[in-house]
Each structure stands twice: as structure tokens, then as C-alpha cells.
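Report on the structure given below.
The values are calculated or read from the model by the stated rules, or taken from the named source; none is laboratory data. Since this is a predicted model, take the numbers as computed values, not measurements. Neighbour counts are summed over all protein chains in view; Cβ atoms, including those assigned to glycine, are modelled from backbone coordinates with ideal geometry.
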Amino acid sequence: MESTILGRIGIDPAYLLLLLFLIQVLLFVLLVSINMKYNRMKTSYASFMKGKDGKNLEESLLARFEEIDELVEISKENQTDIQNIYKKIKSNYQKIGIIKYDAFHEMGGNLSFALTMLDENNNGWILNAMHSREGCYTYIKEIVNGQSYIELAEEESESLERAIYQENYDLKKS
């Protein structure tokens, strides 16, 4: 079977048949792929709609939206609570420095100490307890912005420095 049209153009009819066969195979592969995707989507839809009609589905969606609104409110409350806690924490004592020493060089054992307790803004106090054979003497000095209006002893100054710059000291060594 010879075609005059294809012969004039210079195309062999076998090549045309081969091309049509390859296009048909490609279309068949695409059909199978689309059919598989359709079946997956159909299965997903069936499981989503399982036991639900339009009214039940609407009620389910509205219930989820109400839960989301409740979660948003709870989140706002939590955020407010966290901000309040953060404000309260700022005024709590967060920085501590302690120095143990022998106040009168007579007893040994480093029974005297200077304890500094400061908040985030370096406000607080220094407690100095000096131990001797006759008794124990305790002094307290106020600290405002990391400074004392009363002159500090060497041990008190070191305790204050340790509290302010506590990350530079290892408190387990004292």
C-alpha cells in the first residue's frame, strides 16, 4: 500500500505508524497516571467524608473554628501572664556573690563572710557577718545601681563585684 501524498512529501508510512504508536503508548501511560491520582484523591475524599453529610461536615468545621478561637484566647492570656511574670522577676534577687574570710586573723577557718544579693538592675544589699571569739557582728549595706553610699570593706567590694560579674567567677570555688 503506497500513498501518493506521503510519497510526494518523502515520508515513509512506517515511520508515521511508529510515531502514532509511540504517541498512543504515551497517552496510555498518562491515562494510567491520571487514573491512579484520581483513585488516591477519591480514597482521601471518602475517608474525609466518612459518616458525614453536608450538615455534619459544617458542624465539624464550626466546632474546629471555635476550638481555634479558644486557643487564640488562651495564647493571649498566656502571653499576658508571661509578661507579668517577667516584670515581677526583674525585681527578684538574681545575682549572688559571697566571699568567706577570716575577719580578725585569730580563729582561722574563714568563718566570716560577705554576701551580696542583687536584682537585674544591680539593686540590693550586702550582708557582712564578722565572726570573732567574742561574738558575731552583722552589718548590712544597701546597693543601688551597683554602688554603695557607705564605704565598702575589701571583702564586701569583692562580693559585690562577684555578684555583678558573676558569669566571670566560678561560685563553687569560694
Hey, any hits in segment 131-154 for a residue that's under 40 Å from the mean Cα position of the chain (by Cα), at pLDDT below 90 and surrounded by 10 or more Cβ atoms within 10 Å (Cβ to Cβ)? no
Inspect segment 68-88 for any residue being at negative phi, part of a loop (DSSP other than H, G, I, E, B) and modelled with pLDDT under 95 and give the result as yes or no. no
For segment 89-114, name all the residues that are at pLDDT 85 or above and either under 34 Å from the mean Cα position of the chain (by Cα) or under 19 Å from Tyr149 (Cβ atoms) (or both). Ile89, Asn92, Tyr93, Gln94, Lys95, Ile96, Gly97, Ile98, Ala114
Among the listed residues Lys95, Lys88, identify the single one that is among the basic types (Lys, Arg) and in contact with a helix residue (DSSP H, G or I) (Cβ under 7 Å, 6 or more places away or on another chain). Lys95
Could you tell me whether any residue of segment 108-118 is of a type in the set (A, V, I, L, M) and either outside the structural domain of Leu160 (by TED's automatic domain parsing) or more than 17 Å from Glu156 (Cα to Cα) (or both)? no
Identify all residues within segment 43-63 that are of a type in the set (D, E, K, R) and surrounded by 10 or more Cβ atoms within 10 Å (Cβ to Cβ); write none if there are none. Lys52, Glu58, Glu59
